[in-house]
Ligand SMILES: [Zn+2]
Ligand SMILES: [Zn+2]
């Protein structure tokens, strides 16, 4: 490892200090995201969907943990994981998610300190198809590392049934139409009725994607608890 560092010295992506991809000073600049309802963004403990939003039609997300407040440092970190496959950065991001999950008392309570009925999954790869690295999905990479840390099984639960347009450029109703039935359960995922799934996503998707995946799972397994853990909030 030291030889590698010698041959390819690491520099902080933010301040260029040598040693690590993100130096300690810049790590401190990443701020934890406040606990809010994923729909109306008002304060709500444990990142739960608030009572009003929970009762609205087509709201399928119950909990959405957001690790960081959006910051250009974070954007750069994810860029490096996505396009340059930097394992150490994925490791750092997974460690942060691990801490946020470990300190969420509601999640800990629900899963009885994360027992074997809890699974880790990730939002399937999409939008990367046109790029030169077709197979790389940063969400999967981070989910894999997180599963190891939590000692939980990693499974792929949903797949995309068709290509969809980039969500960011669409209006709310266009998004819903764009994503309608775009996901499908993978046949041999063998879910149990009482499981808890922690879904990981990086920055690229909008809430509508997460909502649509939750809807797809809930249709067949209404009892399953789905938690979402994302790195930052994509404002939409
Ligand atoms: Zn730095
Ligand atoms: Zn709300």
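Does region 26-41 contain any residue that is closer than 16 Å to residue 92 by Cα and surrounded by 17 or more Cβ atoms within 10 Å (Cβ to Cβ)? Yes, because at least one residue in region 26-41 is closer than 16 Å to residue 92 by Cα and surrounded by 17 or more Cβ atoms within 10 Å (Cβ to Cβ).
Scanning region 108-154 for residues that are modelled with pLDDT of 90 or more and touching a helix residue (DSSP H, G or I) at 6+ places or on another chain (Cβ under 6 Å) yields 120, 122, 141, 142, 145, 146, 149, 154. Does residue 3 satisfy the condition of being modelled with pLDDT of 90 or more, assigned to a helix (DSSP H, G or I) and away from ligand 1 (no atom under 16 Å from the Cβ)? When the stated conditions are applied, residue 3 does not pass them.
Note on region 171-189: residues that are part of a loop (DSSP other than H, G, I, E, B) and farther than 17 Å from residue 58 by Cα total 1.
So that you can scan it fast, the table gives a plain yes or no per residue for (1) more than 16 Å from ligand 1 (Cβ to nearest atom); (2) over 20 Å from residue 228 (Cβ atoms); (3) touching a helix residue (DSSP H, G or I) at 6+ places or on another chain (Cβ under 9 Å):
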| site | (1), (2), (3) |
| --- | --- |
| 19 | no, yes, yes |
| 33 | yes, no, yes |
| 38 | yes, no, yes |
| 46 | yes, no, yes |
| 51 | yes, no, no |
| 67 | yes, no, yes |
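Is it fair to say residue 75 is in contact (Cβ under 8 Å) with a residue 24 or more places away in the chain, touching a helix residue (DSSP H, G or I) at 6+ places or on another chain (Cβ under 8 Å) and more than 16 Å from ligand 2 (Cβ to nearest atom)? Judged against the criteria, residue 75 is not a match. The lone criterion from (1) at negative phi; (2) within 15 Å of ligand 2 (Cβ to nearest atom); (3) in a helix (DSSP H, G or I) left unmet by residue 34 is number (3).
One residue alone among 87, 75, 28 is more than 17 Å from the chain's Cα centre (by Cα) and either within 16 Å of ligand 1 (Cβ to nearest atom) or more than 27 Å from residue 175 (Cβ to Cβ) (or both), and that residue is 28. When region 45-58 is filtered for residues that are over 14 Å from residue 207 (Cα atoms), within 7 Å of ligand 2 (Cβ to nearest atom) and in a loop (DSSP other than H, G, I, E, B), only 50 remains.
The values are calculated or read from the model by the stated rules, or taken from the named source; none is laboratory data. This structure is a prediction, so every number in the text was calculated from the model and none was measured. For neighbour counting, all protein chains shown are included, and Cβ atoms are generated from backbone atoms with ideal geometry for every residue, glycine included.
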